[in-house]
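Written out below as structure tokens is the structure these notes cover.
The values are calculated or read from the model by the stated rules, or taken from the named source; none is laboratory data. All of these numbers come straight from a predicted model, not from anything done at the bench. Virtual Cβ from ideal backbone geometry, glycine too; neighbours counted across all protein chains shown. To get the accessible areas, we keep the full protein, side chains included, count just its heavy atoms, and leave off ligands, DNA and RNA. Shrake-Rupley method; radii C 1.70, N 1.55, O 1.52, S 1.80 Å.
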Amino acid sequence: KLTKEEDDWNYQLAGNLKYGRSYRFKESFKLRSETYLKIYVKRFCDGIDKLYGNSLMTDKITPLKLDELWINFSQKHDFNPPHAHSGVLSFVIFCKVPPEIFKTQADSNNQSAGKITFSYGENITSLMGNDYPIEPYENLMFIFPAQLKHYVSPYWVDAERISVSGNFSLSK
């Protein structure tokens, strides 16, 4: 029920989707989805609390609110350059990931077709690794700090990948 005329989100995102498209979900769907998504965000925050003793979901901090929710239909050659999101936490859920998108690589030393890569810090020397490429699969969900730089490499086969993304902020 999303249409390019009413729900187009391509021009709000970092993505270069020449053949695919991004759509912003309608407010009513976003509100219905928020409770469900918060279950996973709470698990993420509880894991942080267990590791570091500083949960984002304590009673002392204002509750999180789902600010944005969109869906990406990616096609051959589409990609997302390095970018960060707004808010406090972001997520991506890979809904459809054809395995063949990882099999055909570009003629280059960068063999990352279709992968999502998270980047942290500055690459000051060749001894430092700050890019973490991951080959996504269907139903994989990442929750990450909204300001964490990340990018998605293009792929070279005729196939559609579908992902849903969103941003949570602290409500006032």
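Only residues that are open to solvent by 50 Å² or more (accessible area, probe 1.4 Å), in contact (Cβ under 8 Å) with a residue 40 or more places away in the chain and part of a loop (DSSP other than H, G, I, E, B): list them for the stretch 89-119, please.
Taking the stretch 89-119 first, the residues open to solvent by 50 Å² or more (accessible area, probe 1.4 Å) are 95-96, 99-100, 103-105, 107-111.
Imposing the further condition that a residue be in contact (Cβ under 8 Å) with a residue 40 or more places away in the chain reduces the set to 95-96, 100, 103-105, 110.
If the condition is that a residue be open to solvent by 50 Å² or more (accessible area, probe 1.4 Å), in contact (Cβ under 8 Å) with a residue 40 or more places away in the chain and part of a loop (DSSP other than H, G, I, E, B), then 103, 104, 105, 110 are the ones that fit.
It is to be established whether one or more residues within the stretch 46-62 are open to solvent by 40 Å² or more (accessible area, probe 1.4 Å), in contact with a strand residue (DSSP E or B) (Cβ under 6 Å, 6 or more places away or on another chain) and in contact (Cβ under 8 Å) with a residue 12 or more places away in the chain. Step through it out loud before you land on a result.
Initial filter on the stretch 46-62 (open to solvent by 40 Å² or more (accessible area, probe 1.4 Å)): 46, 48-54, 56-62.
So of that shortlist, the ones also in contact with a strand residue (DSSP E or B) (Cβ under 6 Å, 6 or more places away or on another chain) come out as 62.
Then drop every residue that is not in contact (Cβ under 8 Å) with a residue 12 or more places away in the chain, which leaves 62.
Checked against the condition, which is being open to solvent by 40 Å² or more (accessible area, probe 1.4 Å), in contact with a strand residue (DSSP E or B) (Cβ under 6 Å, 6 or more places away or on another chain) and in contact (Cβ under 8 Å) with a residue 12 or more places away in the chain, the stretch 46-62 yields at least one hit.
Kindly indicate whether any position in the stretch 94-113 is at pLDDT 95 or above and polar (S, T, N, Q).
no
Six or more apart or on different chains, Cβ atoms under 8 Å: show the pairs whose first residue is in the stretch 1-30 and modelled with pLDDT of 85 or more and open to solvent by 70 Å² or more (accessible area, probe 1.4 Å) and whose second is acidic (Asp, Glu) and in a strand (DSSP E or B).
24/8; 24/68
Out of the residues in the stretch 120-166 that are assigned to a strand (DSSP E or B) and charged (D, E, K, R), state the one that is least open to solvent (accessible area, probe 1.4 Å).
Keep residues of the stretch 120-166 that are assigned to a strand (DSSP E or B), which gives 131-134, 141-145, 149-152, 161-166.
In the following step, the residues that additionally are charged (D, E, K, R) were identified as 131, 149, 161.
Values: 131: 69, 149: 104, 161: 10 Å².
It comes out as 161.
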